[in-house]
Amino acid sequence: MIEALTSTVSIRVFDAGDTDDVIALWLEAFPEYRDASRPQRNPHLSIANKLATQPELFFVAVKDGSIVGTVMAGYDGHRGWMYSLAVDASSRRLGIGTQLVHHAEAALTALDCPKVNLQVLSAKADVRGFYESLGYRADEVISLGKRLGAIA
């Protein structure tokens with residue numbers, strides 16, 4: 001059943017003309033993007049930064065002419081990363097997120113990337129469950145971060 005529902009979904013590289021639709025999707029999928037006190041969560045900045053670095057690894061899922069999902073990937077020559085996987089609320093549980101993950105994994109594999117990492121906010125157990133269903137497991141590491149520059 002899922003295959004039939006997702007057969008009309010295509011995945012392609014993001015185009016600058018997709019910006020408004022992607023931002024609308026992200027604001028719905030990631031409520032933290034609406035917090036103006038956290039400028040590092042600015043979706044316009046996220047898109048601009050991705051377009052400056054490996055834009056060919058920024059994908060959108062399109063169904064019936066509308067953007068229903070996104071995923072960003074990156075590869076630094078050592079390890080790959082996946083970010084900003086989002087699916088429109090009305091299109092969830094149809095396999096679109098899985099298709100996007102597989103598409104990003106295939107793009108990274110084509111670059112000879114040996115491993116992909118991602119981060120999930122600890123409060124989002126349902127998101128962690130989604131990734132675990134695709135074979136992802138928690139690494140025995142602690143993720144550390146530091147804000148640099150003007151967006152501290």
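The figures follow:
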{"quantity": "Dipole of segment 2-133 [Lys/Arg +1, Asp/Glu -1 at C-beta], most positive-end residue of 111, 40, 52", "calculated": "40"}
{"quantity": "Given charges at beta-carbon only (K, R positive; D, E negative), |dipole| of segment 2-133 in Debye", "calculated": "340"}
{"quantity": "Most mobile of 84, 66, 133 in a GNM of the chain (Cα contacts under 10 Å)", "calculated": "133"}
{"quantity": "Length-normalised contact order of the chain in % [C-alpha pairs under 8 Å, at least 6 apart]", "calculated": "22"}
{"quantity": "Segment residue 124-residue 110, length gained on full extension (0.36 nm per residue, minus Cα span)", "calculated": "2.0 nm"}
{"quantity": "Segment 73-130, dipole about Cα centre (Lys/Arg Cβ +1, Asp/Glu Cβ -1), debye to the nearest 20", "calculated": "220"}
{"quantity": "Mean residue ellipticity (222 nm) of the chain, computed from DSSP H runs ≥ 4 via -39,500 (n - 2.57), nearest 500", "calculated": "-9500 deg cm²/dmol"}
{"quantity": "Extended-chain gain in nm, criterion 0.36 nm per residue less alpha-carbon gap, residue 52 and residue 36", "calculated": "3.4 nm"}
{"quantity": "Packing-based exposure ordering (other Cβ within 10 Å, fewest first) of 142, 23, 47", "calculated": "142, 23, 47"}
{"quantity": "Net charge contributed by nearby residues that have their C-beta within less than 14 Å of residue 44 (K/R +1, D/E -1)", "calculated": "+1"}
{"quantity": "Under 30 Å from the Cα of residue 146 - lysines, other chains or at least 8 residues apart", "calculated": "50, 115, 124"}
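Every read-out reported here was derived from the displayed coordinates using simple, explicitly stated rules and does not represent laboratory data. Quantities reported herein were computed from a predicted structural model and do not represent experimental measurements. Because the Cβ atoms are built from the backbone with ideal geometry, glycine has one as well, and the counts that use them run over all protein chains shown.
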